[in-house]
Amino acid sequence: MSSDAMAIRTAEAAGRPWVEILHEWVTTVDHKRLGVLYIVYALVFLVIGGIEAVIIRIQLIRPLNDFVSPQVFNRMFTMHGTTMIFFVAMPVLFGFANYLVPLMVGARDMAFPRLNAFSFWLSAFGGFLLYFSFVGGSGLYGAGNAPDVGWWAYAPLTSRAFSPGHSTDYWTIALLVSGFGSIGTAINLITTILCMRCPGMTLGRMPLLAWLNLVMSGMVLIALTPLSAAQIMLLADRYLGSHFFDTQAGGSATLWMHFFWIFGHPEVYILILPCFAFMSEIIPVFSRKPIFGYPVMVGASVCIGFVSMSVWAHHMFSIGMTSYANAFFTITTLSVGVPTGIKIFNWLGTMWGGRIQFKTPMLFSIAFLFQFLIAGLTGIMLGSAAFNWQLTGSYFVVAHFHYVIVGGILFALFGAFYYWYPKITGKMLSETLGKIHFWLFFIGFHMTFDLMHIPGLLGMPRRIYTYEPGRGWDTWNLLVTIGALIQSIATLVFVANLIISYFKGRDAGNDPWDAWTLEWSVSSPPPEYNFATIPTVASRRPLWDIKHPEDPDSRYE
Amino acid sequence: MATLSSAEQKDRGTYTPSEIEVPARTAWPLVLAFGSTLLFAGLLTSVSVSVLGGVLAIAGCVGWFREVFPHEHEEVVPILADETPITTERRVVDSFPLAIAPDQLRAWLPVETYPISAGLKGGIAGGAAMAVIACLYGLISQASIWYPINLLAAVVYSRQEARALTPEWLNSFHPWMFLIAVILHITGSTLVGLLYGAMLPMFARRPIVLGGLIVPVLWSGLLYSTMDLLNPVLGSHIHWVWFIASQVAFGVVAGLVVVRQSRVRTHENMPFALRAGIEAPGMMETRGEGENRS
């Protein structure tokens with residue numbers, strides 16, 4: 001935004017009562033404001049989920065510790081897992097998608113702005129409902145408060161005999177409500193991407209971020225519906241006398257596992273695909289090269305979308321499936337590594353020979369690349385049925401999926417924050433604080449999750465409340481907890497950077513990274529209407545074409 | 001959905017509009033979402049909460065309906081002036097030194113590669129060099145050039161059968177074993193030679209380092225871990241120093257032969273019509289003509 005226009009807006013905002021400003025935000029249907037709401041909401045829950053993680057780690061810092069009671073410990077790991085997946089990772093990714101997709105495809109808003117607002121508020125109220133369980137979960141029984149059945153809530157633990165009161169019901173209904181919100185957002189994204197692209201933006205010229213969000217949204221529609229169905233079946237079991245998951249009355253606990261994991265594993269890809277999207281935008285800009293192998297990247301993304309729908313039962317090897325089922329799910333799980341490997345090679349190919357700028361977004365992206373590779377390799381190990389039997393239910397598995405979620409998704413998200421924060425706020429984040437944040441988080445992450453594999457290999461079960469000394473787990477758990485505390489400090493640095501830079505940061509201008517996609521052609525922050533005139537594009541890098549008329553991409557595509 | 005205002009529609013294509021219609025702010029989606037949540041929450045708290053949720057949900061639906069029917073409720077937003085040009089400080093872009101046309105600054109790499117015949121020649125020459133080193137090893141260690149040949153051909157024997165092979169047998173000439181070894185060696189050498197022909201242009205700076213050293217060492221490492229499976233006889237008798245020496249001899253000779261051949265243009269940089277072999281007037285537009293046409 002021009003400095004004059006921005007000054008006018010700031011002055012306008014300063015002169016109005018805060019109630020009016022608040023009213024504007026809660027009644028907004030603008031995709032950018034809803035995107036920001038999603039992101040802020042997710043950041044609040046990130047802090048809450050992080051505090052729960054720290055409580056878990058303090059409990060495990062030494063043998064025979066009783067920092068919290070076993071009941072509270074169970075609630076902490078249940079709420080931590082549920083919060084981080086459903087109320088941090090999904091909303092923050094939807095927030096970025098909401099903010100960026102219309103701008104990147106040259107549209108003025110999402111296809112259904114009011115549905116967009118409805119979806120956000122459903123997701124938000126779902127989160128509030130989950131945490132209301134701390135107050136209202138005991139119901140008439142006085143038994144517990146927050147959910148304590150683990151984030152995958154296996155039957156028969158969720159039956160009324162083992163889970164009296166309403167804590168499990170809060171978990172069920174909160175996810176059901178927020179799930180409807182997610183489905184609404186997915187429909188909105190698909191429609192926007194397919195129907196609202198600007199003139200000239202064929203599917204072959206669409207930014208990879210839009211492609212990956214298209215695949216992700218399709219997966220949301222397919223994967224979330226079985227989870228919603230299972231939640232309704234669970235409620236029916238608990239209150240209407242049905243027996244879907246009641247093994248004493250002809251039901252099947254395994255049925256719940258299938259329903260949950262047919263959502264649960266694609267969910268990992270639902271979360272990681274938008275992170276691939278961030279990488280596909282950040283790495284080329286900071287390597288000063290176009291993305292290597294765009295058509296193959298699109299193909300690999302679609303391929304991941306399909307293949308990841310057929311791998312869910314690798315979470316269930318230990319329940320005793322047939323050898324054919326074990327073989328099938330091992331093969332499909334390992335085969336996901338092929339398109340994923342193609343993506344990693346293409347990102348490396350993009351960096352190869354480029355003039356790499358080691359700005360904070362790029363640091364997080366490079367860390368993502370090799371951490372996600374390691375996470376993928378331990379995934380290949382666990383995807384093999386024979387290996388899985390040895391380590392399932394151990395801290396090795398916990399280390400593996402945290403390597404994916406933190407080493408992959410969270411690092412990519414931090415990269416995205418540093419990259420698009422200037423566009424969203426008009427201010428640059430501090431590079432100094434950014435680098436401190438990166439190195440602290442990098443050290444803390446590796447201290448926590450590299451070392452966490454070892455007690456897992458030594459037989460430490462996941463979700464264990466405490467442990468006897470002398471099993472060889474003591475030192476590892478101490479180091480892991482110290483690593484978690486370092487990550488917490490790093491996160492505080494990040495939050496401080498967000499706040500300080502918002503008020504005192506350097507003005508970003510329209511295009512601080514000299515980037516090539518459409519969002520950088522408008523002011524920072526963008527106006528309500530996005531584009532005064534709808535742009536027309538002729539290549540995958542429309543801003544490159546404008547900046548380099550002597551050698552536009554359009555000549556070669 | 002954001003739409004063009006009447007002024008913008010009128011001016012589209014000629015002016016930047018002065019104002020744009022965007023969807024109006026509304027609280028009804030929030031009311032509907034809150035009502036729906038209370039509707040569910042009432043199942044766990046009190047029926048009165050569900051009733052309140054139901055009322056709010058109905059109000060939200062009606063309010064939302066009235067937002068879009070009969071006409072979508074929109075508000076007009078004035079366009080803020082933003083004169084910031086889209087430009088870059090990095091005006092100078094390195095151009096590719098082997099541009100295939102004066103005005104074409106980019107190309108699919110490699111622009112030139114070796115013909116298939118170069119790979120075949122390289123493979124055969126490298127295979128000959130490798131055979132010389134291997135026979136030299138046989139002469140020095142066993143006083144027989146047939147020793148390495150029989151070891152190579154022993155790939156046809158299983159681990160059990162291999163135990164029956166005596167040193168005398170391995171040092172003597174066997175026509176079938178010789179034939180098998182020759183076929184294996186020529187096939188392998190020409191295939192690897194073809195690979196060299198395809199790969200060396202991609203590592204244009206130091207092709208001999210790649211072909212003569214890096215690839216043979218990597219290949220030897222791969223065989224070191226799999227030799228017992230592929231060829232148990234060779235695996236139990238192999239002398240790894242000589243083996244690596246023969247691989248390096250192959251790599252250096254094949255690489256030198258390949259890089260001495262003349263290169264040909266790759267097809268990726270040619271227009272589709274040319275690649276498809278279509279010869280028709282007017283199929284290819286010359287850039288000069290295109291630019292002059294206005």
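Couple of notes before you dig in:
- Of all residues making up segment A:485-517, the number that are within 14 Å of chain B (Cβ to nearest Cβ) and either assigned to a helix (DSSP H, G or I) or among the aromatic types (Phe, Trp, Tyr) (or both): 2
- Unique residue being touching a Lys or Arg at 6+ places or on another chain (Cβ under 9 Å), away from chain B (no Cβ under 14 Å), buried (at least 19 other Cβ atoms within 10 Å of the Cβ) and farther than 30 Å from residue A:552 by Cβ when the list is A:456, A:444: A:456
- Any hit, segment A:502-515, residues being closer than 21 Å to residue A:78 by Cα, of a type in the set (A, V, I, L, M, F, W, C) and surrounded by fewer than 20 Cβ atoms within 10 Å (Cβ to Cβ): no
- In the condition set (1) assigned to a helix (DSSP H, G or I); (2) open to solvent by less than 50 Å² (accessible area, probe 1.4 Å); (3) β-branched (Val, Ile, Thr), residue A:40 is compliant with all but (2).
- Number of positions in segment A:527-557 that are open to solvent by less than 20 Å² (accessible area, probe 1.4 Å) and either facing chain B (nearest Cβ under 10 Å) or among the small types (Gly, Ala, Ser) (or both): 11
- Members of segment B:203-235 that are among the small types (Gly, Ala, Ser), free of Cβ contacts under 8 Å to residues at least 60 places away in the same chain and surrounded by fewer than 15 Cβ atoms within 10 Å (Cβ to Cβ): B:221, B:225
Here is a yes/no grid of residues against (1) free of Cβ contacts under 8 Å to residues at least 12 places away in the same chain; (2) under 26 Å from residue A:292 (Cβ atoms); (3) open to solvent by 70 Å² or more (accessible area, probe 1.4 Å):
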{"site": "B:58", "(1), (2), (3)": "no, no, yes"}
{"site": "B:94", "(1), (2), (3)": "yes, yes, yes"}
{"site": "B:115", "(1), (2), (3)": "no, no, no"}
{"site": "B:158", "(1), (2), (3)": "no, no, no"}
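- Subset of segment A:78-108 (residues that are open to solvent by 10 Å² or more (accessible area, probe 1.4 Å) and within 14 Å of chain B (Cβ to nearest Cβ)): A:108
To keep it simple, each residue is scored yes or no on (1) under 24 Å from residue A:463 (Cβ atoms); (2) in contact with a helix residue (DSSP H, G or I) (Cβ under 6 Å, 6 or more places away or on another chain); (3) in a loop (DSSP other than H, G, I, E, B); (4) not acidic (Asp, Glu).
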site	(1), (2), (3), (4)
A:309	no, yes, no, yes
A:313	yes, yes, no, yes
A:332	no, yes, no, yes
A:336	no, yes, no, yes
A:341	no, no, no, yes
A:350	no, yes, no, yes
A:358	no, no, yes, yes
A:381	yes, yes, no, yes
A:388	yes, yes, no, yes
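- Condition check for residue A:292: in a loop (DSSP other than H, G, I, E, B), touching an Asp or Glu at 6+ places or on another chain (Cβ under 9 Å) and more than 19 Å from residue A:216 (Cα to Cα): no
- Count of residues meeting criterion [among the aromatic types (Phe, Trp, Tyr) and over 27 Å from residue A:333 (Cα atoms)] in segment A:235-269: 2
- Residue A:468 meets each of the listed conditions (1) more than 14 Å from chain B (Cβ to nearest Cβ); (2) farther than 30 Å from residue A:447 by Cα apart from (2).
- Unmet criterion (only one of (1) open to solvent by 50 Å² or more (accessible area, probe 1.4 Å); (2) under 22 Å from residue A:410 (Cα atoms)) for residue A:363: (1)
- Check on residue A:400, touching a residue at least 24 places away in the same chain (Cβ under 8 Å), under 25 Å from residue A:270 (Cβ atoms), part of a helix (DSSP H, G or I) and open to solvent by less than 40 Å² (accessible area, probe 1.4 Å): yes
- For segment A:177-202, the tally of residues that are assigned to a loop (DSSP other than H, G, I, E, B), within 14 Å of chain B (Cβ to nearest Cβ) and open to solvent by less than 40 Å² (accessible area, probe 1.4 Å) stands at 2.
- The one condition in (1) assigned to a loop (DSSP other than H, G, I, E, B); (2) buried (at least 17 other Cβ atoms within 10 Å of the Cβ) that residue B:164 fails to fulfil: (2)
The values are calculated or read from the model by the stated rules, or taken from the named source; none is laboratory data. Since we're looking at a predicted model, the values are computed, not measured. As a convention, Cβ positions derive from the backbone with ideal geometry for all residues, glycine included, and neighbour counts pool all protein chains shown. SASA here: full protein model, heavy atoms, side chains in, ligands and nucleic acids out. Shrake-Rupley method; radii C 1.70, N 1.55, O 1.52, S 1.80 Å.
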